[in-house]
Amino acid sequence: MEAVRIRTWYGIIAVIEIRNRSFHRAGLGKFIMPHPPVVNWLLRRGMRNDFCRRLSILHELGHLQTLPGIFLYSLGMGLWIYHQKPVSLLELGMILLGIHAFWELLAELYVRFQAGPLYRLYYRGVGRFPRILFWSTMAVFTLLSWKILLS
């Protein structure tokens, strides 16, 4: 399986390799991280393999394209914690989970906008429950992290 190489908007080459539905590699430059594609596995259940591959590549690229934004978002939350509110280890874990959930939302929003009208076409005949589960769970974790910070 050949790796896809795409220049990010901030100039670094993104490398994405979708070997199959259970193993991906993605990163910037020479820093490539192997990982199980949990979100892609959930969202693309029942989808044709070629559609799944296209949307999975876009999802991984979405993570890499939004990396500077999520870095600033995380930095802002970290500074808030440092200057305003001491948190327990459990709360810190929930905040980190919320940051990751927000990053997953951003990556899938990137997919939605990049795929355009094809997004709906790719999902024709695929059950809605996995998408409802993804969007609602990620939104809850994101909002929970803000609730912890603001309480």
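The values are calculated or read from the model by the stated rules, or taken from the named source; none is laboratory data. Remember, it's a predicted structure, so these values are computed and weren't measured experimentally. Positions of Cβ are backbone-derived with ideal geometry, glycine not excepted, and every protein chain shown enters the neighbour counts. The accessibility values were calculated without ligands, DNA or RNA, using every heavy atom of the protein model including side chains. Shrake-Rupley method; radii C 1.70, N 1.55, O 1.52, S 1.80 Å.
Structure notes:
- Residue within segment 29-41 that is aromatic (F, W, Y), surrounded by 15 or more Cβ atoms within 10 Å (Cβ to Cβ) and in contact (Cβ under 8 Å) with a residue 12 or more places away in the chain present: yes
- Residue list for segment 90-115, restricted to those being over 14 Å from the mean Cα position of the chain (by Cα) and among the β-branched types (V, I, T): I95
A quick yes/no check of all residues on (1) among the hydrophobic types (A, V, I, L, M, F, W, C); (2) over 28 Å from A14 (Cα atoms); (3) surrounded by 15 or more Cβ atoms within 10 Å (Cβ to Cβ):
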| position | (1), (2), (3) |
| --- | --- |
| H63 | no, no, yes |
| M77 | yes, no, yes |
| Q84 | no, yes, no |
| Y123 | no, no, yes |
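- Selected residue (only one of R5, R25 is of a type outside the set (V, I, T), at pLDDT 95 or above and either over 17 Å from A115 (Cα atoms) or open to solvent by 30 Å² or more (accessible area, probe 1.4 Å) (or both)): R5
- Subset of segment 122-151 [part of a helix (DSSP H, G or I) and touching a residue at least 60 places away in the same chain (Cβ under 8 Å)]: Y122, P130, R131, L133, F134, S145, I148, L149
- Elements of the type strands (runs of 3 or more DSSP E) sitting completely within segment 1-91 and holding at least 2 residues that are under 22 Å from T137 (Cβ atoms) and in contact with a strand residue (DSSP E or B) (Cβ under 8 Å, 6 or more places away or on another chain): these cover 23-28.
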